[in-house]
């Protein structure tokens, strides 16, 4: 039987800004907290470890302000990260399903493991439940990102426990899970992007009830990615039909691309491509496709027109300066 591991991390960062940060580990984990839930989402175990910092031995003022942790506490009560990480991985057990509030924790955990030369214990592709996203799908528009304390307040599940400590935040995240009709949303798995496809055969296709997602292999440049036909294909995720584009992919900043196609059976299909960077400066594409009505299609038309107007105005101003 699988267990749900609902975990949260607290981390420290360079108090002197990004220029003094270690690129391999910009966020150093200082606390791991987790609750283990059974298939009925009941808490069966808890885990908490503070970690003695090695990289940033001065607390960033914002971290200290939010967590109320201090360096003296960490140095006296914390364990070395490799020890704490090994204990956490053993506690999780095999074949666990990970759950987090937001999308950063699994990625940062793997970065910290890599920094210490610890082999990655997680399967690939690494799927997990982003409870923040699921909360938005259930109670919002699917795009908003509520804070954990705001969500707990809205659901009227606040207790005497504080927020912004790892175990407490994991506890509240698990409690929010138990308020949900989890069976209705468990199809909306998230994918961790710390490790991404390296070859065409490894590329990932995911179909959800209301949209589809494709994750490309790694490319040298954004231009290489957007020139690849597989990246720019628009396929109806309901009937698997390859569609002709009504609006070809366009962008204002080469980071986000938008497009529109029409399925003769299911209507308008809105497309969005996000270009994401890997740790070594290369790129991969994440394409989402979603069926929309006339209003959603009109938004794509308007977005393209706005970008065209801005581009024309920018060119006009440039010509004016040159003259």
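Just so it is clear, none of the values below were taken in a lab; they were calculated from the coordinates. Given the structure is predicted, the values throughout are model-derived calculations rather than measurements. Using ideal geometry, Cβ is built from the backbone for each residue, glycine included, and neighbour counts are taken over all protein chains shown.
Annotations for the structure displayed:
- Average Cα contact separation per residue, the chain, under 8 Å, 6 or more apart, as relative contact order %: 13
- Principal-axis tilt of helix 105-115 within the chain, Cα atoms, nearest 10 degrees: 70
- Protection proxy ranking of 59-68, 15-24 - average other beta-carbon atoms within 10 Å, highest first: 59-68, 15-24
- The ellipsoid that matches the Cα gyration tensor of region 75-133 has semi-axes, each √(5λ) in whole angstrom, of 21, 14, 12, with the longest given first.
- Ranked 5, 185, 51, 307, criterion: other C-beta atoms within 10 Å, fewest first: 307, 185, 5, 51
- The reciprocal of the average 1/r between distinct C-alpha atoms defines the Kirkwood hydrodynamic radius, which for region 4-185 equals 17.0 Å.
- Measuring between their Cα centroids, region 215-235 and region 4-82 lie 36 Å from each other.
- Extension gain, residue 80 to residue 158: 0.36 nm times the residue separation minus the Cα-Cα distance gives 24.8 nm.
- Between residue 90 and residue 114, the modelled label-to-label distance comes to 2.6 nm, taking each label 7 Å out from Cα in the direction of the beta carbon.
- Here is the tail figure for region 197-311: Cα pairs spaced more than 16 Å apart come to 59 percent of all pairs.
- Compared with the dominant Cα axis of the chain, that is its longest principal axis, helix 294-322 is turned about 80°.
- Using a Förster distance of 30 Å, the FRET efficiency for residue 73-residue 195 (Cβ separation, nearest 0.05): 0.35
- With the alpha-carbon atoms of the chain aligned to their principal axes, the span from lowest to highest coordinate is 64, 53, 40 Å, starting with the largest.
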